Amino acid sequence: MSGLATRKAEARKAAFARRKAAHGAGHPAPAAHLSAVLAGYRGVALAGYMPIRTEIDPLPAMAEAAAHGPVAVPVIEGAGLPLRFSLWEPGCALREGPFGAMVPEADRFIEPEILIVPLVAFDRAGGRLGYGGGFYDRTLEMLRAHRPTLAIGFAWAAQEANGLPLEPTDQPLDMIVTEADVIAEC
């Protein structure tokens with residue numbers, strides 16, 4: 001394993017531990033700040049995600065947004081490919097997708113202008129450490145080649161880290177929202 005890969009693995013391990021502790025603390029409304037941010041973008045096509053394991057849960061904010069415009073969730077179609085986004089609404093029929101994340105039973109794909117991005121760790125400059133598959137980096141690069149795309153990292157505040165081991169291919173976040181605050185203009 002290269003030095004960068006080792007540093008990424010160590011950073012992920014530490015961030016997963018912090019995320020697990022934050023998740024276990026039982027914050028009563030972790031998506032409140034995300035809801036407030038999304039209220040400024042009513043009707044704009046956005047993609048959230050179906051939380052897995054100890055990820056912070058964006059579903060309450062996504063449900064509010066779905067009352068005003070299209071909301072989708074990511075669908076992994078294969079290793080090395082960008083994500084596609086299938087329309088979602090509260091209560092829609094779901095099936096299990098790769099990595100245990102639920103996806104809509106029927107795929108109706110859209111191209112979102114806003115992505116709510118899950119992550120393992122973040123820094124205040126908009127750096128993001130993901131799971132290592134590069135799905136969001138490829139997807140953001142592709143979307144941003146067509147038009148401006150707002151990437152909102154959503155995480156527990158405890159996932160903040162300094163000195164993340166980033167690469168030139170890592171796509172920056174435009175904003176980070178946690179249960180505690182909004183870090184705008186990264």
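The values are calculated or read from the model by the stated rules, or taken from the named source; none is laboratory data. The shown structure was predicted, so the numbers you read here are calculated from the model rather than taken from an experiment. With ideal geometry, Cβ positions are generated from the backbone for all residues, glycine too; neighbour counts draw on all protein chains shown.
Given the condition part of a strand (DSSP E or B) and in contact with a strand residue (DSSP E or B) (Cβ under 9 Å, 6 or more places away or on another chain), answer yes or no: does some residue in the range 129-146 qualify? Spell out the reasoning first.
Just the residues of the range 129-146 that are part of a strand (DSSP E or B), to begin with: 129.
Remaining after also requiring in contact with a strand residue (DSSP E or B) (Cβ under 9 Å, 6 or more places away or on another chain): 129.
Looking through the range 129-146, at least one residue is part of a strand (DSSP E or B) and in contact with a strand residue (DSSP E or B) (Cβ under 9 Å, 6 or more places away or on another chain).
Quick one: is residue 84 over 22 Å from residue 159 (Cβ atoms), charged (D, E, K, R) and either touching a Phe, Trp or Tyr at 6+ places or on another chain (Cβ under 8 Å) or modelled with pLDDT under 95 (or both)? Please lay out each step first, then the result.
Details: over 22 Å from residue 159 (Cβ atoms): yes; charged (D, E, K, R): yes; either touching a Phe, Trp or Tyr at 6+ places or on another chain (Cβ under 8 Å) or modelled with pLDDT under 95 (or both): yes.
When the stated conditions are applied, residue 84 passes them.
Being farther than 15 Å from residue 152 by Cβ and among the β-branched types (Val, Ile, Thr) is true for just one of 75, 37, 71. Which residue is that?
75
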With the first residue restricted to the range 61-73 and required to be under 17 Å from residue 109 (Cα atoms) and in contact (Cβ under 8 Å) with a residue 12 or more places away in the chain, and the second required to be of a type in the set (Val, Ile, Thr) and crowded, with 19+ Cβ neighbours inside 10 Å, Cβ contacts under 8 Å at 6 or more apart or on different chains are 62/71; 62/116; 73/103
Next on the checklist: Quick check on the range 85-99. Is at least one of its residues basic (Lys, Arg) and under 17 Å from residue 171 (Cβ atoms)?
Outcome noted: no
Expected single match for at pLDDT below 95, within 12 Å of the chain's Cα centre (by Cα), closer than 18 Å to residue 79 by Cα and not aromatic (Phe, Trp, Tyr) among 130, 134 is 130
Taking the range 38-62 and keeping only residues that are in a helix (DSSP H, G or I) and surrounded by fewer than 21 Cβ atoms within 10 Å (Cβ to Cβ), one is left with 39, 59, 60
Within the range 38-78, the residues that are out of contact with any strand residue (DSSP E or B) (no Cβ under 9 Å at 6 or more places or on another chain), modelled with pLDDT of 95 or more and over 28 Å from residue 21 (Cα atoms) are 39, 40, 42, 43, 67, 68
